[in-house]
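See below for the structure under consideration.
The values are calculated or read from the model by the stated rules, or taken from the named source; none is laboratory data. Treat the numbers as computed from the prediction; the structure is a model and nothing was measured. Cβ: placed from backbone, ideal geometry, glycine included. Neighbour counts: every protein chain shown. Please note that ligands, DNA and RNA were not included when accessible areas were found on the heavy atoms of the full protein model with its side chains. Shrake-Rupley method; radii C 1.70, N 1.55, O 1.52, S 1.80 Å.
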Amino acid sequence: MNTVSTLPFSISRLPAFNDNYLWLIDDGRRAITVDPGDAKVVKNALIERDLKLDYILTTHHHGDHTGGVSELQAEFGAEVIGPDSTNIPQVTQTVNDGQMIELLGIAFTVITVPGHTLDHIAYFAPASNALGQPLLFCGDTLFAGGCGRVFEGSFAQMRHSLDKLKVLPKDTRIHCAHEYTQANLNFAKVVEPNNPVLTQRIKIVSEQRANNIATVPSLLADELATNPFLRYDKTAVIAAASQRLNKKNLVGDEVFAAIREWKDNF
Ligand SMILES: [Zn+2]
C-alpha cells in the first residue's frame, strides 16, 4: 500500500490485478474505498490499518471496479454509493450530476461523465475540504496522459465529459484507476511530437516507471499541458488529426474522435 497523502486524512493507492489502482481514504478510524474491484486488496489494507469501512464509492459498472463490492458490503455493512445503474445492483444510495454528498466530513460533488460506459460518474472534492487539496476520482474517464476507451457512449459524449473535468481547479489531483501513463504518453508524443512539456513529462514518467514508482495521481495542470484528449482544440492536435484523416477543417468532436480511434489502433 502506498500512502499518497497524510493531512489529516490519508489517501492510499492500492494496486490490484495487473495495472489497476483501488483507492482508500481514511481518517485513521473509518474509511471510504473507491472502485474496489478486488475485496481482498481492500480488506488487507483495512486490517493493516485497523480501519472500519463505512462507504464504497463506485464510478462505473466494470468488474475490475465493482468485483469486490458485494463482499465488502456484506462484511462491513458499508453504504454503497454509485450511479443509478441496473449494472450495479449493490448501490444503496444513487447519486446524480451536481449532487453533493458528505462522507466522513468530506464533501464530494458528483459529476456524470458518460462515454467509457453510460453509467460513469466521477467524484470531486474541492480544496476547502479536510483533504486540503482538490481531488478527483474519475475511474476510467480521464487517465494520466490519456482517457478511457469509448465502449458504450459516443465520442461526442466522452469529449463533453472530459470538458467537465477540464474546468476543475488546475491543482486537482487526478485519481484514475489504471497505471497506463507511459503507454498513453508514448501515443501523445506521436500526436504532438513538438510539445516540450510533453517531452519533459515522458522523461519523468519513464524514470518513475523504471523504478516501479506509480505515476498516479497526476495533476490536472499536467494533463491540460500534455494529454491529447484534453487538447483536441489545440492547433498541433487538430493538425495531427487532419493529417491522420487526410481531411481539413475538422471540428472539435471530429478531432477528438480521430484521436481516440487512432489511440484504439495504436
Ligand atoms: Zn472501465
Calculated FRET efficiency for the pair residue 18/residue 104, C-beta based, R₀ 25 Å, to 0.05: 0.25
Shape of the range 74-146, Cα gyration tensor, a/c cut at 1.5: oblate
Prolate/oblate/rounded call for the range 128-197, Cα gyration tensor, a/c under 1.5 rounded: oblate
Cβ crowding within 10 Å averaged over residues, with 46-55, 61-70 ranked highest first: 61-70, 46-55
Diffusion coefficient, µm² s⁻¹, Stokes-Einstein with Kirkwood Rh over alpha-carbon pairs of the range 204-266 at 20 °C and 1.002 mPa s: 164 µm²/s
Three semi-axes of the equivalent ellipsoid, the chain, Cα gyration tensor, whole Å, largest first: 32, 20, 16
Kirkwood-Stokes translational diffusion coefficient of the range 168-257, alpha-carbon pairs, 25 °C, 0.890 mPa s, µm²/s: 177 µm²/s
Positive-pole candidate from 265, 123, 180, dipole of the chain, charges at beta carbon: 265
Pairs from 189/234; 189/263; 164/234; 234/263; 166/248 whose Cα-Cα separation, in the structure shown, is over 20 Å: 166/248
Accessible area of the range 181-264 divided out per residue, in Å², using a probe of 1.4 angstrom: 49 Å²
FRET E, pair residue 199, residue 127, Förster distance 35 Å, beta-carbon r, rounded to 0.05: 0.70
Reach of residue 52 by Cα under 26 Å, taken over lysines that are not fewer than 8 positions away in the same chain: 40, 43
Pairwise FRET efficiency - residue 152 versus residue 219, Cβ, R0 = 30 Å, nearest 0.05: 0.60
Sulfur and carbon atoms: percent of accessible area, the chain [1.4 Å]: 49 percent
Net +/- balance of residues flanking residue 175 in space, Cβ distance below 13 Å, scoring K and R +1, D and E -1: -2
Alpha carbon centroid spacing (whole Å) that separates the range 145-187 from the range 16-65: 21 Å
Antiparallel DSSP beta bridges within the chain, percent to nearest 5: 70 percent
Rounded to the nearest 20 debye, dipole of the chain from Cβ charges on Lys, Arg, Asp, Glu: 960 debye
